[in-house]
Each structure stands twice: as structure tokens, then as C-alpha cells.
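Derivation of every value follows stated rules applied to the coordinates shown; laboratory data play no part. On a predicted model such as this, the values are computed, not experimentally measured, just so you know. Quick reminder, even Gly has a Cβ in these numbers, built from the backbone with ideal geometry, and neighbours come from all protein chains shown.
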């Protein structure tokens, strides 16, 4: 009995324990479910915070770009090496590219220089040291021998005692130096020594390209003997040698009967396409029976023409040929089997100008397309409507942009709430100090004549005691640069649309002989329909056809090699920039970039073939970029007789609706949100300061500040604090709940 009672009691206890356990298990499961629900809520909260962080970082980028654009000066180097790397679409560009320009060059200024500047005699040893210094410099080694010789001629002596400052950080420079004797140290902004330089060294070379501040200090460590040349003399030498070369080559071409009746612009392009080659004494330039595709003009020296006797097998002398003579002309039209030998007979060798059949076929043709009439070429009549408008009739709505030149304001006309305009304000003092008067006049005159859907329109100009004003068409969709910055990069379809808009703008300008020279995403504005328009014509110039211009200007990452080397440039410079733009739109960064402008220029001179393209850039896109960015301007696609039509026919554009772009019926890939003519939300947020000039408000009272922006923003410091707090909170959440979100 006792045993059965014990078993019964034990079974009851076990059943109670199981019930309790089941109850406890249900309770624990409910707690787990509640915790799961809380975790889900936290996941949602973390995702929401992530989105807020992304938005705050985007706003922070905008503020950083604003501060960069307001305070950054185009850099200069007291001593620049050839460093830097070719980006190939690596780190995204977060700040706006700054346009830079030297003083405008002209043939009149060249004549003045020739009479005012004198050369300085030097010993052979000194000339050899300076020449070696130039050849060892990453930038100056690219100059022609004739240019280097003239630079050496015009360099003048400078002496500095031990401890003296040769170049001072922050000062505006205009001289480049070569050390003949002595040594110097280079220090950075912190006063730290970064290099020591001695004889056979060139430094300060960025200053001979354009007006810029030195970015390092150079102090003499011992008594130094230097040779210097200023920017104006250097650029005049480059211009003079370039003009002489073009004149000589054109003269050679005119001596050839097949070329003598060609238009000036065609001869000029052919002259640019000529390559100079040297052949030593006794060398065969052409061999009988060989196939050829090149045409030659003798620039210096003499050659013999011989032919192999078919019976005796010996070479028979035919004639001598000297400077100005030419041979191989049949190869320009079809593949030519050479019928004679051309052998160098001059003991010093011979210099020949060589033209390939490919260049000939690309350049020779009917250029009547420049004379055709287009429907968009009617003279604009918009000035009539605004003839009696004054500054007092305008009031400021918001600030669209700021820069070293002044500001761009969003304005409206009193009693007209349906339209808005962009008012560009240029500081007279800044224009005079940087000697940019000619550029400003060019901008006004060119914009006043332009009437294209792909170029911003100029309605009226004003002036007062401190400022010049341009009343421009307002594109409230913002800058293409902002869209690119926020997206990171564009796909092929999106890039193709904006490339088409830019191509139409360049085609319009080039038909008028206008070179733009400052193409970049920052200068492309989106209208409310999503189409982009070219703006900021500060570097544009009407040069005509077959002529060159010599002023160094542009944005460092977009400057073509011929501008860097002061060889003179023409409309083909815009095709180079078009290729750089295409690369940046597809990758988010230009193909050439470095820590300072001089390094950027040096890697540009290495050429586009040295760039490693990201995998996402298609083969056809790479091909078009490389064709646009050929080192030789005459080899770039778009330079030939068909003009920019060559670009539109490239395989990358196959199937693209060009007619839809021209008629503005093609749906754009990005449609900006524009609520009203006063909506400036697609532009970065700027503040007006009391140092700015006054302008009449709508109420007729003077004000030194614009109305507050529609959207109030937290200060930059507050933004940083918010981001720091959010990041700390985010990390705490992840530590407490290490789940995949």
C-alpha cells in the first residue's frame, strides 16, 4: 500500500511540474514574442535613422562645397613634382571645380613684348644647366627644343643670400626659377620641410601658366644663383613660336599644287595635323615597292630620289630634293606602292613634315557646313522687352551661387510674379585686378547673340559704381553637378541624354566660330523640364575658323594638353572637355586628378590611354571617350569635315533619339521638382552678408540682405553635432541588438 501511495503522490507532483513548466514556457514564449516585436521596431527605427543620416550627410556635403567655393583659391605650387595618380573613376569629386585663367593673350601684346623684353647672354655651361633643369621638370620637359632655347635666352639672373625667402607661401607668383648654384629648402603650410632642391632644378612653374598663390615657401640654404622668367614673357614666347610654326607649315602646304586653293581653315587644320620627323643621313625614308600611306614635305635638309634598275638590279640616281619639295602624295588618296627610293643625302640629316592618309581624309572636304543656315540662327529680339528695365525694378528672392567674381541672385520684376531671372553680379574691382575685362566683354557679346534652347539666354545688362550685372534666363532645376553628386554617377542612358544636350550646345557655338573652354557639370543647368543648358561664358571666345587663341583658361581637370603647353588652341579644345565630361558623368570623377593643379596637368600630359577605366564603363563608351581625348587635337572625333555630327554617329549613340532632344519632346531621365518661379530648393543654400551691395526690394526700401530662404537650415556646427549623436546612437543600437538590419 505504501508503495502505491508513494507512486501516486509522485505522479501527481510530476503532473503539477509539467503544467507549471508548460505555463512558464508559454510565458517565456510570450516574452520572446514581445522582444521580437521590439527588435522589429528597433530595426525600423535604425533604418529610419540611416535614411536621416544619409540626408544629413548630403546636406553636409552641400555646405562643404559652398565653403570650398567661397574660400578656396586656385592653388599654386612653389615646388611641384610630377606626382599624382590617374583616378580612373576612384574617389568621387565632392567639391566644385574652380575655373582659372591667365591674362588674355593677343598678337598686339606679342608685338609689345618683342620690343620691350631683352635677352641675357649666358655661358655655354649656364645654358646647359638651365636646359637640363627644364628637361628634368615633369611639365617643362614637354616643350619643343626651339621653345626651350628661347626661354633660356630670355631668363634673367637673380641672386639670393643664405636664409633669404625666394618664394613665400600665400603670395601671388608670376616667376619660374631655375637654380644654377646653391641650394634651398621647401616648407609647407605648417613650416615643415618637405624637400631640398639644388642646381639643375626648376621650381614655381605653375605661376607661368596663370595667376595663382604660392602653396609653399622656398628659402635659400646657401647663397643661390638663379635664373627667372615671368609669365607674360613665357606665354609670349609660346605664342610667338606657335604662330611662326603655323605660318611656316601653312606656307609649305600652299606650295603643294593640290593644297594651294584650299580654304584657310582647312590649311590651318592640315598644318596642325603635320608631324615633324627627323631622319639621319643615309636613311631610307621610302623604299621602292613598299606600301605607304604618308605624304612628306621637306622642312630642312636634302634627299636623293633613286630607282632600282630592273635589269641590272642597281639603284639609279633620279634627282635631288630640298627644302619645300614634297613626295608621296599618291598615298593620301589610296594605298600607294612606292615607285622609287627616297634616301637622306644631307650629312646633318633631314627634317620632314609628315601627313597621314587618315588625317587627310578626316580633314579634307567641303566645309560649306559652316555657311549653312539653321532655324535657330535668327537674331534674338528679346532685348526689346527689357530695354527700359532698371535695377530698381528687380527684387531678390534668393541666392543661387557665390564665387570670387561675385554672386548670382534669383530675382523677379516688380509686379510680375509669373517669371523669375538669374542676376549675375560681377565685381568691377575683381575684374580689373585679374585683368579679365576682355573675358567679361566676350561673355556679354556672345550671350547677347546666342539664341539656342541649349544655351542660357541673356536679357539685359546693368552697371553701377561697384558691379556689372547680367540678367539671365533662370534654370530652376539646379546644377547637373548637384544631381551627379547626389547620385554618385549616371548610367549610360542618363549620360547619353546630357551628352546630347551638350553636343547640341557646342554644335550651335562652333558653327559661329565660338570656343567655350569651360565645360564641366557645374556649368550645366537644368531647366524645369529637365533639359540642361550651357551657362557661364566667362571663358568663351569667338575665334572664327582656322585660327587659334592662346590664353590659358579652364578648370584644371578639364584643360586639354595644348592649353597646358601653350601651343595655341581652337574649337577642338571643347571636344577634349566633352570626353572628360562623359567620363565624369559615367564614373562620378574626372579621369585626371591630383592633390594640386600642377600634378593634375602633368598626368593629363600622360594621355587618356594611361587611364584605367572602371568596369561599369562599356567598351563603346570607352572608345568614344578616347576618341574625344586624343592628344593631337586634329585626331579628335568631331574635328573633321562633318564637325560634331561625327560624335552623334558614334556607335555609343546608336538608336538614340536626337530629333527628340532637338524638339525637346524626349522625356529627360531626371525631372527636377520646381514648385514655383521662386523655388530655389534645387540649389545649395547660401546666405547674403552685409558686405554685399544693396538692391531695392519689392517694397522700395534698401536692403543689404535677401529675404530668408524658404527652408530654414541648421548651422554647420549643429549639423556636425547631430550627425555625431546619431552615429553614437546607431552604434549603441547595433551593440545591443547585433542583428542584420
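For the reader, a short list of remarks on this structure follows.
- Least to most buried among 490, 653, 583 (fewest other Cβ within 10 Å first): 653, 490, 583
- Neighbour counts of other Cβ atoms within 10 Å put 160, 430 in the fewest-to-most order 430, 160.
- Per-residue Cβ neighbour rank within 10 angstrom, fewest leading, 150, 473, 185: 185, 473, 150
- Compactness of the stretch 107-235 as Cα Rg over 2.2 N^0.38 Å, two decimals: 1.04
- With both labels modelled 7 Å from their Cα along Cα-to-Cβ, the residue 358 to residue 35 distance reads 7.1 nm.
- The stretch 478-662: C-alpha gyration tensor shape, a/c 1.5 cut-off, then a/b vs b/c: rounded
- Segment residue 620-residue 529, length gained on full extension (0.36 nm per residue, minus Cα span): 29.9 nm
- Three-way shape label, the stretch 264-366, alpha-carbon gyration tensor, a/c 1.5: oblate
- The modelled label-to-label distance between residue 188 and residue 291, using points 7 Å beyond Cα along the C-beta direction, is 5.6 nm.
- Length released on extending from residue 606 to residue 449, taking residue separation times 0.36 nm less the Cα-Cα span: 52.7 nm
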